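Take a look at the structure set out below.
The values are calculated or read from the model by the stated rules, or taken from the named source; none is laboratory data. This is a predicted model, so every value here is computed, not measured. Note that we place each Cβ from the backbone using ideal geometry, even for glycine, and neighbour counts take in every protein chain shown.
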Amino acid sequence: MTNTSYTGDVHSHAGRAHFYRSPEWKALREQVLERDHYECQWCKAEGRVTTGNDMTLEIDHIKTLEERPDLALDPDNLRTLCRDCHNKRHGRFNYKRLGRPKNPYASDERW
Ligand SMILES: [Zn+2]
């Protein structure tokens, strides 16, 4: 079985920055992008195609790093989101582009 856990510090900004710079993460990130066909998975669910050509794509931890460091490197816990969707997920609202009245994913944050 593949070891998917990350044993480093995930509770500080510096620790997480270190994680995101690790070669393991960089390799896995590419793998997830490829698996998701370089498409934002939330936009896809809404019938829109958002690829790296339209928007910066980011990899989201479904269970956050702080919550489940043991799933930090588990592809099943990772998904491709565009920057807009990723910001929405983490409550960094920016409606300039989409002009939505409210965040349809607000309840997603309550696990
Ligand atoms: Zn999106």
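Quick look at the values:
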read-out	value
Among the residues listed as Arg83, Arg89, the single one being closer than 23 Å to Ala14 by Cα, modelled with pLDDT under 95 and in contact with a Leu (Cβ under 8 Å, 6 or more places away or on another chain)	Arg89
Neighbours by Cβ (under 9 Å, 6+ apart or cross-chain): first from the stretch 1-28, among the aliphatic types (A, V, I, L, M); second surrounded by 10 or more Cβ atoms within 10 Å (Cβ to Cβ) and part of a helix (DSSP H, G or I)	Val10/Arg16; Val10/Phe19; Val10/Pro69; Leu28/Pro75
Unique residue being small (Gly, Ala, Ser), touching a Phe, Trp or Tyr at 6+ places or on another chain (Cβ under 8 Å) and away from the ligand (no atom under 12 Å from the Cβ) when the list is Gly15, Gly8, Gly52	Gly8
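To keep it simple, each residue is scored yes or no on (1) modelled with pLDDT under 95; (2) under 15 Å from the mean Cα position of the chain (by Cα); (3) under 14 Å from Glu66 (Cβ atoms); (4) assigned to a strand (DSSP E or B).
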{"site": "His11", "(1), (2), (3), (4)": "yes, no, yes, no"}
{"site": "Arg16", "(1), (2), (3), (4)": "yes, yes, yes, no"}
{"site": "Leu28", "(1), (2), (3), (4)": "no, yes, no, no"}
{"site": "Val49", "(1), (2), (3), (4)": "no, no, no, no"}
